[in-house]
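Chemist: My structure is below; once you've seen it, I'll send some questions.
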Amino acid sequence: MLNTLWLLFFLIAAVSGFYQWLVGGNSEIFAQMVRSLFDMAALSVQLMLLLFGTLTLWLGFLKIAEKAGLIDTLARWLGPLFSRLMPGVPAGHPALGLITLNFAANGLGLDNAATPIGLRAMKSLQTLNPHPDTATNAQILFLVLNASSLTLIPISIFMYRAQQGAPDPTMVFLPILLATTASSLAGLLSVALVQRLRLFDPVLMLWFGVFALILGSFMALLATLSAAAIQSLSSLLGNLTLLSIIWLFLLIGWRRKVPLYETFVEGAKEGFGVAKDLLPYLVAMLCAVGVLRSSGALDIVLDMIRWLVNLIGLDTRFIDALPTALVKPFSAGAARALLIETMQHHGVDSFPALLGATVQGSTETTFYVLAVYFGAVGIQRARRAVSCALIADLAGVLAAIAVCYWFFG
């Protein structure tokens, strides 16, 4: 999938470049494409410097949380919930702790840190699989919830916005929170429908009821605020939540006599290892997307969609963020590259860039997750995993568009 997608970027760029030259009379088009190629290679290195720091920082804090027993505590607290959502997983099974840690990394927006943890969780679930080539219900639910990408603190998005010079990188905190909630809820409901989970179980109803009450109250509060006040609240909550998590990890680690500094360094070394392996992929995708954009191919496609949207009388500002949304199910690297390119092309705080960041934070790379997670344990029959994950993706994109018009429109 990635090989085909990457090749298509260059082939489409080539066709568009020759069209711009032979039909449009633009003799500078190939020079623009070459410039874009080198500019994106340089940008990849700049992003990696920031990514090194971010991943080492957060994997260091997550290692403190793990050694302090927070992950095991969460597994026990979530035991009653998981026992109903994943009835095939015994209470106290190691997979539950790994699933919790994976959700924690996803919740903090550490996509690349969540992947190795998720692979460990999937392999642990595979030990319970009576048919190794066919996904179990628990594995399907785990994959779909990963694909729906429930992100509470989108660290990576804040990092990209900061790198592009955003005065307030956390401005998209609340939009991402609301859109990712819609994505995860759609994924959970679609799996529950297929697997016939008893969602009306009293324990599940209590969990969902409390969550709905909190979210409903929060949205009711937002409805009373002006757009400027909402953006200010989003910034405040984003920064305060981020710092509160760090303080919580450190305080509990100190109380449980975890050697904080040594443990942080141990986790940070893992983050360094994860980050350094990403540079080739980042260069490959950013350069391909840069050539595609500079060839004019994306502009042609978006102009066609914009014409159709204008025809039915709708606002067209969301269209410039569609490349990120369309590519995200196939490749995180390509979507990340398109988001960064959108920030550079339209401005980091432009409506397309804010919407692109919200989409990036509220959806996941469905086909990549499917290939990596199921491929790692040799599963060939995914059953309903793909359809349920794509439903979650669609819900996340639609919710992101609606929420961004509410916040920034």
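Yes/no per residue for (1) open to solvent by 10 Å² or more (accessible area, probe 1.4 Å); (2) on the phi < 0 side of the Ramachandran plot; (3) modelled with pLDDT of 75 or more; (4) not basic (Lys, Arg):
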| residue | (1), (2), (3), (4) |
| --- | --- |
| PHE61 | yes, yes, yes, yes |
| ALA75 | yes, yes, no, yes |
| PRO80 | yes, yes, yes, yes |
| ARG84 | yes, yes, yes, no |
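Chemist: Still on this model: When you look at ARG293, is it surrounded by 22 or more Cβ atoms within 10 Å (Cβ to Cβ) and among the charged types (D, E, K, R), yes or no?
Modeler: Yes.
Chemist: Can you name every residue in region 299-329 that is within 13 Å of THR342 (Cα to Cα) and out of contact with any helix residue (DSSP H, G or I) (no Cβ under 6 Å at 6 or more places or on another chain)?
Modeler: ASP299, LEU322
Chemist: Can you tell me which residue in region 19-59 is modelled with the highest pLDDT, limited to those that are open to solvent by less than 80 Å² (accessible area, probe 1.4 Å) and small (Gly, Ala, Ser)?
Modeler: Looking at the filtered set, the residue picked out is ALA31.
Chemist: Determine which single condition ALA321 fails, assuming it passes every other condition in (1) under 19 Å from PRO167 (Cβ atoms); (2) surrounded by 24 or more Cβ atoms within 10 Å (Cβ to Cβ).
Modeler: (1)
Chemist: Regarding ILE401, is this residue in contact with a Phe, Trp or Tyr (Cβ under 6 Å, 6 or more places away or on another chain), surrounded by fewer than 24 Cβ atoms within 10 Å (Cβ to Cβ), part of a helix (DSSP H, G or I) and modelled with pLDDT of 85 or more?
Modeler: yes
Chemist: Another one. Hey, among the residues in region 120-154 that are open to solvent by 10 Å² or more (accessible area, probe 1.4 Å) and modelled with pLDDT under 75, which one's nearest to the chain's Cα centre (by Cα)?
Modeler: It comes out as LEU150.
Chemist: How about region 134-211: which helices (runs of 4 or more DSSP H) wholly inside it have at least 2 residues that are hydrophobic (A, V, I, L, M, F, W, C) and more than 30 Å from VAL348 (Cβ to Cβ)?
Modeler: It comes to 137-148, 173-195.
Chemist: If you take the residues in region 9-47 that are free of Cβ contacts under 8 Å to residues at least 60 places away in the same chain and β-branched (Val, Ile, Thr), which one is farthest from MET285 (Cα to Cα)?
Modeler: Filtering first and then ranking leaves VAL23.
The values are calculated or read from the model by the stated rules, or taken from the named source; none is laboratory data. Computed from a predicted model, the values in this text were never measured in an experiment. Here Cβ is always computed from backbone atoms with ideal geometry, including for glycine, and neighbour counts include all displayed protein chains. For the accessible areas, the whole protein counts, side chains as well, though only heavy atoms, and no ligand, DNA or RNA atoms are used. Shrake-Rupley method; radii C 1.70, N 1.55, O 1.52, S 1.80 Å.
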